[in-house]
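> Quick one: structure below, then a few questions.
The values are calculated or read from the model by the stated rules, or taken from the named source; none is laboratory data. Note that the structure is a prediction, hence the values are computed from the model and not measured. Because the Cβ atoms are built from the backbone with ideal geometry, glycine has one as well, and the counts that use them run over all protein chains shown. The protein model used for the area step is the full one, side chains on, heavy atoms only, and it has no ligands, DNA or RNA in it. Shrake-Rupley method; radii C 1.70, N 1.55, O 1.52, S 1.80 Å.
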Amino acid sequence: MERVLKDDAVEEKGERARMAAFVGAMAIADLVKTTLGPKGMDKILQSTGRGRSVTVTNDGATILKSLHIDSPAAKVLVDISKVQDDEVGDGTTSVVVLAGELLREAEKLVNMKIHPMTIIAGYRMAVECARNALLERTMDNKENIDKFKSDLMNIAMTTLSSKILSQDKEYFAELAVDAVLRLKGSTNLEAIQILKKPGGSLKDSFLDEGFILDKKIGLGQPKRIENAKILVANTAMDTDKVKIYGARVRVDSMAKVAEIEAAEKQKMREKVQKIIGHGINCFVNRQLIYNFPEELFADAGILAIEHADFEGIERLALVTGGDIASTFDNPESVKLGHCKVIEEIMIGEDKLIHFSGVEMGQACTIVLRGASEHVLDEAERSLHDALCVLSQTVNDTRVLFGGGWPEMVMAKAVDDLARKTPGKKSHAIDAFSRALQAIPTIIADNAGLDSAELISQLRAEHHKENCTAGIDVITGSVGDMQKRGISEAFKVKQAILLSATEAAEMILRVDEIITCAPRRREDRM
């Protein structure tokens, strides 16, 4: 029989393909499994590129993003963790672990000769049931502002407790809640700027209203301006000298060169006059500003800041309510930014420029201090997760308890459904409830506790009415989640449940993997 595919193409069919898909996905789940929960461990990721940069992280999405994976099924799991990170910010590890557990259970069922489509149908029923069980048990305190704020604090502390910031989680939870409540319900985290400054300890971090730009103020310029009118620009301010490289000018005497220089200077002076003509007292440019225009600005009493990085510029324009300008011919069409005070502040050894009383009232800056770059990077990721979850919770105010409580609630509901369902589907529904219980099991395992004992105690507790029991990792027993104040956002749990099931379904449907032949290089002789 003629081969349909090219010579080097690889084709795996039936059982082998399914095995390959399952094994790849489960390997990825096992990789991030140990980072789950308050006692989860961190991973060091070392790149092979220049500088061999090292990342120390606990964040599922960051770990998976940095891996170069060959297995196609594993890529599906990496994708869901990325989407979870973009969508709700937290739960990136849980979503991968849950999908991996669902596949592990599905593998047993496939070996019992149950068709994948039957398993998928069972999983579909189980997801509906689990989601409804969660919906019935959510709490919503949006009417009572104090209660809602304590809910937000609990959610932030729960999110941070599995990260590097867990030692000072009350402090950072307060920072995050303050920052998010300023946004007044928008999920645009652009307005919250996170500045990292090595030195000091994590406890020295603070929240500052307004905007901080990591630049120094030029020589001979005012160090403090009140009621600032700011022009944010992206334009070349370095054309007052003749550039030697690449410029060819034929002249018959040195006097002519001087004339050309004078003309260049005149051009520059006109440009500066145009900029001053906008009636501003602060000029922020993305590109560099040479000494000559800087002198002109200083003479006019204008604060000129050069080389503000692009993110800084965009955020500054957003926060002060101005536009980024690059031509200055018609001043009336340019929108200027406004703020009450611009001054120079010191953080550690560095001088920075602080814009306070900005147009966009919700803007603020969180300054992180820490022992080293790695600590700061990880602290920023942790804080970013907390901010994402909080900003989503402000919109969708439903809250659940944490610590394995939601998984047990769902598992119990799904169990009851399995008992009522006739046919082979009931096996799949049963498997779904076992997969859900795997999450509290792993949280307990990571803390070095006896998971089998704890989970069976927890299951017994959950058969009582309105139970709030979950795993208390600190005391190593079954604890009351309401008293411990361990809460999670409903939106995060729902996203984990739906994404994990859909990913598991997708991998279950596979019965053939075809790897294309690599392209050959023709001999170019």
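> When the residues of the range 19-52 are narrowed to those that are assigned to a helix (DSSP H, G or I), of a type outside the set (G, A, S) and modelled with pLDDT under 85, which ends up most open to solvent (accessible area, probe 1.4 Å)?
Among those that are assigned to a helix (DSSP H, G or I), of a type outside the set (G, A, S) and modelled with pLDDT under 85, it is R50.
> May I pose another question? In the range 71-80, is there at least one residue being within 23 Å of D396 (Cβ to Cβ), within 27 Å of the chain's Cα centre (by Cα) and in the same structural domain as A413 (by the TED database)?
yes
> Do we find that F432 is open to solvent by 10 Å² or more (accessible area, probe 1.4 Å) and within 30 Å of the chain's Cα centre (by Cα) in this structure? Step through it out loud before you land on a result.
Values: open to solvent by 10 Å² or more (accessible area, probe 1.4 Å): no; within 30 Å of the chain's Cα centre (by Cα): yes.
It is false that F432 is open to solvent by 10 Å² or more (accessible area, probe 1.4 Å) and within 30 Å of the chain's Cα centre (by Cα).
> Report yes if some residue within the range 240-258 is open to solvent by 10 Å² or more (accessible area, probe 1.4 Å), under 25 Å from G361 (Cβ atoms) and not in a strand (DSSP E or B); otherwise report no.
Scanning the range 240-258, I find no residue that is open to solvent by 10 Å² or more (accessible area, probe 1.4 Å), under 25 Å from G361 (Cβ atoms) and not in a strand (DSSP E or B), so the answer is no.
> Applying the selection to the range 1-18, what residues are touching a residue at least 12 places away in the same chain (Cβ under 8 Å) and surrounded by fewer than 16 Cβ atoms within 10 Å (Cβ to Cβ)?
Let us first name the residues in the range 1-18 that are touching a residue at least 12 places away in the same chain (Cβ under 8 Å), namely 5-14, 17-18.
Correct list: L5, K6, D7, D8, A9, V10, E11, K13, G14.
> Pairs only if they're at least six apart or on different chains, beta carbon under 7 angstrom, first in the range 256-277 and modelled with pLDDT under 85, second loosely packed, with under 12 Cβ neighbours inside 10 Å and not acidic (D, E); list them, first residue then second.
From the range 256-277, the pairs are V257/V251; I260/V249.
> For the range 262-290, enumerate the residues that are open to solvent by less than 40 Å² (accessible area, probe 1.4 Å) and in a helix (DSSP H, G or I).
M268, V272, I275
> Just give me the residues in the range 53-101 being within 24 Å of T158 (Cα to Cα), assigned to a helix (DSSP H, G or I) and among the small types (G, A, S), in sequence order.
Within the range 53-101, G60, A61, S81, S94, A99, G100 qualify.
> Moving to a separate point now. If I ask for residues that are under 11 Å from I366 (Cβ atoms) and either surrounded by fewer than 17 Cβ atoms within 10 Å (Cβ to Cβ) or of a type in the set (V, I, T) (or both), which ones from the range 190-206 would you list?
Result: I192, I194, F206.
> Let me ask something else about it. Would it be correct to say that S166 is under 18 Å from the mean Cα position of the chain (by Cα), within 19 Å of K203 (Cα to Cα), part of a helix (DSSP H, G or I) and at pLDDT below 90?
yes
> Let me ask something additional. Do you know which residues across the range 438-457 are among the hydrophobic types (A, V, I, L, M, F, W, C), within 19 Å of G40 (Cβ to Cβ) and assigned to a helix (DSSP H, G or I)?
Answer for the range 438-457, where residues must be among the hydrophobic types (A, V, I, L, M, F, W, C), within 19 Å of G40 (Cβ to Cβ) and assigned to a helix (DSSP H, G or I): A438, I439, I442, I443, A444, L454, I455.
> If you check T365 against the conditions, is it modelled with pLDDT under 85, under 30 Å from A386 (Cα atoms) and polar (S, T, N, Q)?
Considered against the rule, which asks whether it is modelled with pLDDT under 85, under 30 Å from A386 (Cα atoms) and polar (S, T, N, Q), T365 comes out as no.
> Determine, yes or no, whether S81 is among the polar types (S, T, N, Q), open to solvent by less than 30 Å² (accessible area, probe 1.4 Å), under 17 Å from A27 (Cβ atoms) and at pLDDT 85 or above.
Judged against the criteria, S81 is a match.
> One residue is enough: does the range 489-500 have a residue meeting the conditions surrounded by fewer than 18 Cβ atoms within 10 Å (Cβ to Cβ), over 30 Å from G24 (Cβ atoms) and of a type outside the set (A, V, I, L, M)?
no
> Taking E143 as the residue in question, decide whether it is surrounded by fewer than 18 Cβ atoms within 10 Å (Cβ to Cβ) and closer than 21 Å to E488 by Cβ.
The answer is yes for E143.
> Kindly indicate whether any position in the range 371-391 is at negative phi, outside the structural domain of R124 (by the TED database) and outside any helix (DSSP H, G or I). Full working, then the answer.
Just the residues of the range 371-391 that are at negative phi, to begin with: 371-391.
Retained after the next criterion (residues that are outside the structural domain of R124 (by the TED database)): 371-391.
Then drop every residue that is not outside any helix (DSSP H, G or I), which leaves 371-372.
Yes, that holds for at least one residue.
> Can you tell me how many residues within the range 457-482 are of a type outside the set (V, I, T), surrounded by fewer than 12 Cβ atoms within 10 Å (Cβ to Cβ) and without any contact (Cβ under 8 Å) to a residue 12 or more places away in the chain?
Count: 3.
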